[in-house]
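Q: Could you have a look at this structure, given as C-alpha cells, before my questions?
Every read-out reported here was derived from the displayed coordinates using simple, explicitly stated rules and does not represent laboratory data. Since the structure is predicted, the reported quantities are computational estimates derived from the model, not experimental observations. Virtual Cβ from ideal backbone geometry, glycine too; neighbours counted across all protein chains shown.
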Amino acid sequence: MAARELVLERWVAARANVNIALIKYWGKAAVPTGDDGLPRASARDDANIPAVPSLSLTLADLYTETRARFAPEFEEDQVELDGRALVAEERRRAVVLLDALRKRLDIASPFQIVSRNFVPTAAGLASSASGMAALAAAAGGCAGLTLESDGPLLSELARIGSGSASRSIFGGWVSWEGRHATPVAAPDHMPVAVVIAVIGTGRKAIGSRDAMNHTMRTSPFYAGWVQQAHATFDDALEALRERDFPRLMAAMERSTWRMHASGMGADPPVFYWLPASVAVLAEVAALKAEGTVCGATLDAGPNVKVFCLPKDAGKIAERLAAVPGVAQIITSSPGAGIQLNIEPLESEPHRAPSEVIR
Ligand code: PMV
C-alpha cells in the first residue's frame, strides 16, 4: 500500500448524502458468532455483509456533515452529534467503525468527531446512512483516504457502522453486494426526482438492524425473500442500464413489497405502514392510472418515497401533500458522493447548508 499522508492538527470535514434503496438490503449473510451470540472479535469487520444485493440512488440536499481530527491528547474517541456527546449504543456504533479504520491503517490515536445532520429530523429518513458515510469519510480523510483512490475501502468502513451507509459514499446510482458498494451510474444517468411524503408518527418504529435480524430468525417468508433477490436486482440493473424507467419502477416496487412481506411474516410482525402510508400508496396508484409514470417505496418507517420524472414532481408533491396524515413533502434529486475539505483547527464548524431544504 502506498504511504498515505496523515492530516495532522487540522479538521477534515466530510459531507455525505442520504441514499434511498430501490432494491432493498434486508438481512445479513451468516457471520461466525461466539457463545454470547455476538460476532467473534475477528469477525467484527464482517459486520453488515448483506444476504442480498441492493441498488440505491444517492440524493442531493439531505446530508450529514462531520468533522474529524486526530486527538492524541484524548484517552478515547469523543463523538458529538447535533451538539450532544453520544453515549452507549450510538457511541459504540461510531467507535466500531473508528476501530476498524485504526486496525486497517495501523493507527493508534483517538479521534474527535463533531457531526451534524442536515436531514429534517421529523422526516425520519435514514440519517444513519449519511451519518456513518460522513464519519468514515471524515476519519478516513484524516488518514489520507480519498474517494478517488479509496472509494471501496471507505465504503467498507461505512458499512461496518451501518449497512446502507456503504452506498452513501458514492453519488448517483449505487449497487452493493459483499464487502463494499460500487457506483454504477452517474447522478445524471437518467432524469429522476424523488418526492418524499413524510408521515408524522408518535411511536418509535423498530430499527432496521433489529427488524431484519428478527425477520431472519422468525419469518417463514425470509427464505423466499432471499431466493428472489438476485433476479429482482438483475432486472433493476438492466432497466437502469437501458434507462427503462417503467421497468425500473416495477422492480423497485417488487423489491419493496417483498421486503415488507417478509417482515410482516415475522413473529411478532415487523409492520411499518400507517394508515397515511396506505393512503399515499392509493394516491400513487391513482396517479399511475392517470398515466403518470412513477413508483413508490418504503423503508423501515411509514414515509413513502415516490420516484418520478422531474416534470411530474410538482404535480405529485401537490397531490401527496393533500393526503390526510402527510406532515411534509420533501422533493429531491440525484446527488453526489462524499465531499472532503481540510480546515484549520480554529475554523467555525458546520457552515449553514448551502442549499435550502424544501
Ligand atoms: O443499513 P440499515 O441498518 O439502515 O438498513 C437499511 C434497510 C432499509 O433501509 C430498509 C433498506 C435499504 O437497503 O436501505
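Q: About the Cα centre, and with charges only on the beta carbon of Lys, Arg (+1) and Asp, Glu (-1), how big is the dipole of segment 10-186? Nearest 20 debye, please. Don't skip to the answer; put the middle values down first.
A: Values: 19 positive and 20 negative charges, 56 e Å.
Dipole size: approximately 260 debye.
Q: Quick one: among ALA186, ALA108, ALA71, which has the greatest mean-square fluctuation in a GNM of the chain with alpha-carbon springs under 10 angstrom?
A: Judging by the Gaussian network model, the answer is ALA108.
Q: Shifting gears a bit: Which lysines have a Cα lying under 29 Å from the Cα of LYS305, excluding residues fewer than 8 positions away in the same chain?
A: Straight-distance partners of LYS305: LYS24, LYS28, LYS204, LYS288, LYS315.
Q: According to the Kirkwood expression over distinct Cα-Cα pairs, how big is the hydrodynamic radius of the chain, in Å?
A: About 20.7 Å for the chain.
Q: Then there is this: Restricting to DSSP loop positions (anything but H, G, I, E, B) with no more than 14 other Cβ atoms inside 10 Å of their own Cβ, which GluC sites (Glu not before Pro) remain in segment 63-129?
A: GLU73, GLU75, GLU76
Q: With +1 on the Cβ of every Lys and Arg and -1 on the Cβ of every Asp and Glu, and nothing else charged, how large is the dipole of the chain about its Cα centre, in debye rounded to the nearest 20?
A: Magnitude of the dipole: close to 640 debye.
Q: Here's another thing I want to ask about it. Could you tell me the distance between the Cα centroids of segment 268-298 and segment 76-101, to the nearest Å?
A: Here the answer is 36 Å between Cα centres.
Q: Using a Gaussian network for the chain with springs between C-alpha atoms less than 10 Å apart, which of these wobbles most: ALA68, ALA181, ALA88?
A: ALA88
Q: Mind checking which of SER128, SER164, SER155 has the largest fluctuation in a GNM of the chain, springs on alpha carbons under 10 Å?
A: Top of the fluctuation ranking is SER128.
Q: Between ARG217 and GLU76, what length comes free when the chain is fully extended (0.36 nm per residue of separation minus the Cα-Cα distance, one decimal in nm)?
A: On the way: separation 141, 0.36 × 141 = 50.76 nm, distance 3.53 nm.
Between ARG217 and GLU76, full extension yields an extra 47.2 nm.
Q: If R0 is 30 Å, what FRET efficiency do you get for ARG241 and GLU318 from their C-beta distance, rounded to 0.05?
A: Taking R0 as 30 Å, the efficiency between ARG241 and GLU318 is 0.40.
Q: Once all Cα-Cα distances of segment 10-186 are split into 5 Å bins that start at 0, what whole-number percent is in each one?
A: Over segment 10-186, the share of Cα pairs per 5 Å bin runs 1, 9, 18, 23, 21, 16, 9, 3, 0 percent.
Q: If the only charges are +1 at each Lys and Arg Cβ and -1 at each Asp and Glu Cβ, what is the size of the charge dipole of segment 193-332 around the Cα centre, to the nearest 20 debye? Could the numbers behind the result be given before it?
A: On the way: 14 positive and 13 negative charges, 52 e Å.
That gives a dipole near 260 debye.
Q: Determine one quarter of the surface area of the Cα convex hull of segment 193-332, which equals its mean projected area, and express it in nm² to one decimal.
A: For the Cα atoms of segment 193-332, the hull's average projected area reads 8.6 nm².
Q: Quick one, could you list the DSSP H helices from the chain stretching 27 Å or more along their long axis (Cα atoms) with average Kyte-Doolittle hydropathy of -1.0 or above?
A: Span-like helices, by this rule, are 222-241, 245-264.
Q: Then there's this: Using a Förster distance of 25 angstrom, determine the FRET efficiency expected from the C-beta separation of ALA60 and VAL226, and round it to 0.05.
A: The computed FRET efficiency comes out at 0.20.
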